[in-house]
1. Scan segment 189-199 residue by residue and report those that are modelled with pLDDT under 90, surrounded by 16 or more Cβ atoms within 10 Å (Cβ to Cβ) and either under 11 Å from G240 (Cα atoms) or within 41 Å of the chain's Cα centre (by Cα) (or both).
2. Given the conditions (1) touching a strand residue (DSSP E or B) at 6+ places or on another chain (Cβ under 6 Å); (2) among the small types (G, A, S); (3) not in a strand (DSSP E or B), report the number of the one that G168 does not fulfil.
3. Among the residues of segment 274-288, are any of a type in the set (S, T, Y) and either in contact with a Ser or Thr (Cβ under 8 Å, 6 or more places away or on another chain) or under 16 Å from Q198 (Cβ atoms) (or both)?
4. Which residues, taken from segment 221-252, are in a strand (DSSP E or B) and over 21 Å from Q192 (Cβ atoms)?
5. Take segment 5-43 and flag every residue that is under 21 Å from A73 (Cβ atoms) and among the basic types (K, R).
6. Within segment 19-40, is there a residue that is crowded, with 19+ Cβ neighbours inside 10 Å, within 24 Å of G4 (Cα to Cα) and in contact with a strand residue (DSSP E or B) (Cβ under 8 Å, 6 or more places away or on another chain)?
7. I need every pair where a residue in segment 271-286 that is farther than 14 Å from G153 by Cα has its Cβ under 7 Å from the Cβ of a residue that is assigned to a strand (DSSP E or B) and not charged (D, E, K, R), sequence separation at least 6 or different chains.
8. Suppose we filter A114, A147 for residues that are within 14 Å of T285 (Cβ to Cβ), hydrophobic (A, V, I, L, M, F, W, C) and at pLDDT 90 or above; which single one remains?
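The values are calculated or read from the model by the stated rules, or taken from the named source; none is laboratory data. Just so it is clear, the structure is predicted and the values come from calculations on it, not from any experiment. When we count neighbours, we look across all protein chains shown, and the Cβ atoms used for this are built from the backbone with ideal geometry, even at glycine.
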Amino acid sequence: MEVGQPTLDQLRLFLAVQDEGNFNAAARKLGRAVSVVSYGIGALEAQLDVPLFERTGSRRPQLTAAGRSLLPAARAIIDETDRLIARARSIHAGVETEVSIALDVMVPLEPVSAILQEFQQVYPLVDLQLHVEALGAVAAQVAQGRAGLAIAGPVVLDRPDLERREIGRIELVPVAAPEHPLARMEVITSGQARNYLQLVLTDRSPLTEGQEFSVLSARTWRLADLGAKRQLLIGGSGWGNMPRHMIEGDLAEGRLKLLNLSEGTSVDYRLNALWRKDRSPGPATTWLLDAFEAALADESRWG
C-alpha cells in the first residue's frame, strides 16, 4: 500500500492525544467532539498505514512502536508550521524578518549581552546578525547595506546618506604598564608623550582613511584588535588610550597605570546610532536602538 499524505489537522490531533493523555482531553483542548478526534486519528493511521496508539487494556492510549518513531517528525512539522504562521503575522504587522547590527568595539559588552538576550525573547522570530568592528568599519556596515543599525564612534565624518543620533559616550584614559617610563613620571609635560611609542586602534575602512583620533606620538603601532592592544600595553610595549570600563580590573590590580598627561587624563569617545536615510528602522530595529540608548546613557558607568 502506498503511504498517503497526512494533513496538518491530523498531525495536530495526533500530538494533542499524546500530550493530553487521552481522546477526551485532546477534544477539550482543541474544542472538538471526541468523535472528530477519534475519526481524525483513524484517518491518519489509514493514511500512514500504521497503528499509532494501542487502544486496548488501558484507559490512556499508549504509543505503538510506529507511533513513537513518527512522533518527533510530526512535532517538528507542526512546530515549523507554527513558526511560519507566526512569521507571516509579524510581516503583516510590519516587523522585520531579519535585523543586522554593527557595534563599535568600544561598546561595553555587559549591556550588549543583556540587550541581545532580551531582544531574542521579545522578537523570537526575528533573525539577528551581529558585527563587531572598529572605527570607520562600523559605519561602513550600514553605508554598504550589510547592517540596518550601527552603534559607532565619533571618528566618521558626517555622511549625507546616514542618519545620526548621539546616544552615549565612553571614557578613554591614557595608560601604560607600571614599568613604562611615562608611568614613572608624576607629571608628564606637554609633548613628552610624543617621544614614546603609542598603541593606536585602527581599521582598514576607507571611511576613516587619513583620520586620527587622540594620536599624540610620532611613533605608533596600529592594531585593529582592542584585546591585542590591551595585552601589549600590559606587556609594556607602549602607551595608549583604553576604555576605562575595560581596564578597571587592570588598574585595580596594578597591571596598568593611569598617565597624568598634560594634554588631558581622559578623552570622550562619543557613541552614535547610525542608519541609512533610505531605510527607516522597523519595530525590531527601533527596539534595539532604544535599548542601547537607555543602557549607554548612564555616564556614571561608562563615561
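1. A193
2. Result: G168 fails condition (3) only.
3. No, segment 274-288 has no match at all.
4. Answer for segment 221-252, where residues must be in a strand (DSSP E or B) and over 21 Å from Q192 (Cβ atoms): R222, L223, P243.
5. Scanning segment 5-43 gives a single hit, R12.
6. Within segment 19-40 (the criterion being crowded, with 19+ Cβ neighbours inside 10 Å, within 24 Å of G4 (Cα to Cα) and in contact with a strand residue (DSSP E or B) (Cβ under 8 Å, 6 or more places away or on another chain)), the answer is no, since none of the residues qualifies.
7. Final answer for the pair search is R276/L162; K277/L162; P281/L149; P281/W275; A284/V99; T285/V99; T285/L149.
8. Selected residue: A147, the only one of A114, A147 that is within 14 Å of T285 (Cβ to Cβ), hydrophobic (A, V, I, L, M, F, W, C) and at pLDDT 90 or above.
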